[in-house]
Amino acid sequence: MKLQSFAAASDLVGRRMRIVWELIPEADGELAQPGRMVLRRKTRDFEFPAAAGADPFVVYDSDAFPPPGTQASLVPGWEARDGANRILATVDSAWVDAGGRRVEVVRRTTRTTLGPDGKPLRRQIEILDSGAAAARIEPGTAYYYRLDTVWPGLKISGDTRDSATATNIYGMGRRMYRMLPEVYRRYDVVTRPAIAGAESILEAAAGVEEQGRLMQYGQLRRFVDLFGVALDFMRSRAEGLRDLHDVDDCDRRLLPLMADWLGWDLSFDAPIPVQRHQIRYAAALYRLTGTVPGCMIWVQRLTGWRPRIKEFARNVFFTNQPGSTSIDTANPQTLANLRKFEDQSHYTYDAGAGDDHWYAYNAIGIFVTPDTGESSASVNRKFGKLRNHLDLFLPFNVRGVVILEVPEQNASQGSSANLGQRSQDQIQ
């Protein structure tokens, strides 16, 4: 079994979200096998903390449908053709009773595509989140959905996370209907026929509640509502334009665009809160460019390592500088610290421009140490990334030298076995 095509989007009707994913069987009978699928929702990011007791983020649980405290109705499904294939759709609506009126909590629509031989080719599951199962859906808020599965042998193709921004209901259909001449509304009396099991579904309801009363409308009003919900959707998108610059609450897909406005190289592999933090403080970090604190922040951002920054100008020998002396070869600590961060010795000015030429007035050393147990592939990748992006945080007249330090006890471990010689070559 393969899971693919996970996507979330705002529904055409405001304050509702649609989440769709698809299951592709790879063997006969796989769709009939038991498997649990849990859909969760929250704001700001995809980090869902563990909760004691009932999970407040759960929107849909395949093993607990309908949700506790609700009832389910089987809505009449339909059948469609796709060439030689058949598509069978079933709809389950979970609802609660609110003063004698059914309020939909969550709706599950299952579309199964059958081949000419009657065998299932794929199954699409669509969840309509009405905001009653988890926290209420607020218009203009970006919501983040994650699908968790407990299904032996399930192969996941693609990301099972997505986000979308909720829209609002402005009643544009009602407003347009009231603008029509009274003669049209007077004879608009053919109401919608009742559909058994669909009493909780807003689109199939016999009427609309307005000012505490259930109002039944005719064909003309229902026809105008088709354009009204579309106008509500368009207005919601227009109203949301004023909040596009809100780095704390905007949709994650807008973060790269914000970073481009600032000329910021966003870390796409970083968590969403970290990306927001980078954009918010990008201007402050730009002001630190070329300073020791700025270098330390940049190196940690690019690699995750905590560096030590050293200005090699302090080790350059000048005849008119007090304290410039020759090396005391009788001091073992002095000899052990040669060409290390702790080195206090003085050297002649090195006019080279390579990684082995340290002691110049415009050179600084970036001493980095890999994390314990980090693989050599990860270290090589971060090392190369840091060397290739020195121009991001160093002025053009300052030359940076990256020095990889590997502790002796780690040099013999398998994860860093091939880094020991490299680090010695870099240091010596």
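A few remarks follow.
- Helix-only CD estimate at 222 nm, as mean residue ellipticity for the chain, using -39500 (n - 2.57) per DSSP H run (n ≥ 4): -6500 deg cm²/dmol
- Degrees separating the helix 219-239 axis from the principal Cα axis of the chain, which is the longest one: 10 degrees
- Dipole of the chain computed with +1 at Lys/Arg Cβ and -1 at Asp/Glu Cβ about the Cα centre; of Leu231, Val292, Ser375, farthest Cα towards the positive end is Leu231.
- Potential lengthening between Tyr361 and Ala64 on full extension [0.36 nm per residue; Cα-Cα distance subtracted]: 100.0 nm
- Listed residue (Gly83, Ala363, Gly173) projecting farthest to the positive dipole end of the chain, Cβ model: Gly173
- (i) 27.3, 92; (ii) 30.3, 98; (iii) 31.8, 110, with the label sought being that of the calculated Rg and Dmax of the Cα atoms in Å: (iii)
- With respect to the chain, whose longest principal axis is taken over its alpha-carbon atoms, helix 376-388 is tilted by about 80°.
- Charged side chains reduced to their Cβ positions (Lys and Arg at +1, Asp and Glu at -1) give the stretch 1-123 a dipole of some 420 debye around its Cα centre.
- A Cβ-based charge dipole, computed about the Cα centre of the chain with Lys and Arg at +1 and Asp and Glu at -1, lands at about 1160 debye.
- For the stretch 2-165: rounded, prolate or oblate by the Cα gyration tensor [a/c cutoff 1.5]: prolate
Values quoted throughout were computed directly from the atomic coordinates according to the rules given, and no laboratory measurement underlies them. None of these values were measured; they are calculated from a predicted model. Cβ coordinates were reconstructed from backbone atoms using ideal geometry, including for glycine residues, and neighbour counts include every protein chain displayed.
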